[in-house]
């Protein structure tokens, strides 16, 4: 099975969970709207308007640190709420928004700590990319991939194992290495599938410009926000599915062990690539 097929099956399985629990996408949507409102208030109220983008990249990055951290906090708590709701559903327990919110509140300090930690790492990666030009982009890309894989299951770990941000990161990294090893790359393809499915929606949204520029922009913004909310929800669901697979050995309905086991594959070295061809 290739990457596209694997991503398609996992995306559909994740979407069925979101469909069965509509509040999952609702939480992601609320988080995005809250983030947009807070960001706009900061940029136009505190930072003094769009002139914040007129300076150098370093100046802009520094000025928008609060926006970046607030966005990270919103996405982390949204993912935690999705994990709580999906976990109730997948365990066959009554799905209750108050119960999910109570679980998120219980782990709020750890979630906040993780938000600040991962947000800070993201800012450092961004700063390296800007400071070192071409070499910085390569370094930032490598560090970003390593960080993404190591932190893949942090939110489920915090929510289900009652850990702190640092111990959650260590646990997530250990679980990942235990199942897939260390030198690996993603072969899941969920992002590719979501992008492909988003294109027709965005193209349809463009028809809003028939009614004028304002209506077209509003339609595109709404479409983008909804797509982003769905994508965020599906990513959080998948992190929980992978966590349950590694920790409990459970392959949840709609997923296959083959897809989960092959979600990440060993990174092929130059030597491995050259050995595929025998010129003698």
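The values are calculated or read from the model by the stated rules, or taken from the named source; none is laboratory data. Remember, it's a predicted structure, so these values are computed and weren't measured experimentally. Don't worry about glycine lacking a Cβ; one is built from the backbone with ideal geometry, like all the others, and counts go over all protein chains shown.
Residues of the stretch 83-101 being part of a helix (DSSP H, G or I) and within 14 Å of residue 23 (Cβ to Cβ), which ones?
Residues satisfying the conditions are 83, 84, 85, 86, 87, 88, 89, 97, 98, 99, 100, 101.
Tell me, which residue of the stretch 140-159 that is surrounded by fewer than 16 Cβ atoms within 10 Å (Cβ to Cβ) and touching a strand residue (DSSP E or B) at 6+ places or on another chain (Cβ under 9 Å) is nearest to residue 232 (Cα to Cα)?
148
Here are 104, 95, 121: which of them is modelled with pLDDT under 95 and closer than 27 Å to residue 66 by Cα?
Step by step, each of 104, 95, 121 is checked, and only 121 is modelled with pLDDT under 95 and closer than 27 Å to residue 66 by Cα.
Given the structure, is residue 160 closer than 19 Å to residue 81 by Cα and either over 15 Å from the mean Cα position of the chain (by Cα) or modelled with pLDDT under 90 (or both)?
yes
Check the stretch 23-40 and report whether any residue there is farther than 18 Å from residue 101 by Cβ and either in contact with a strand residue (DSSP E or B) (Cβ under 7 Å, 6 or more places away or on another chain) or at pLDDT 85 or above (or both).
No, the stretch 23-40 contains no residue that is farther than 18 Å from residue 101 by Cβ and either in contact with a strand residue (DSSP E or B) (Cβ under 7 Å, 6 or more places away or on another chain) or at pLDDT 85 or above (or both).
Assess whether residue 170 counts as being more than 20 Å from the chain's Cα centre (by Cα), surrounded by fewer than 18 Cβ atoms within 10 Å (Cβ to Cβ) and farther than 18 Å from residue 234 by Cα.
For residue 170, the condition - more than 20 Å from the chain's Cα centre (by Cα), surrounded by fewer than 18 Cβ atoms within 10 Å (Cβ to Cβ) and farther than 18 Å from residue 234 by Cα - is not met.
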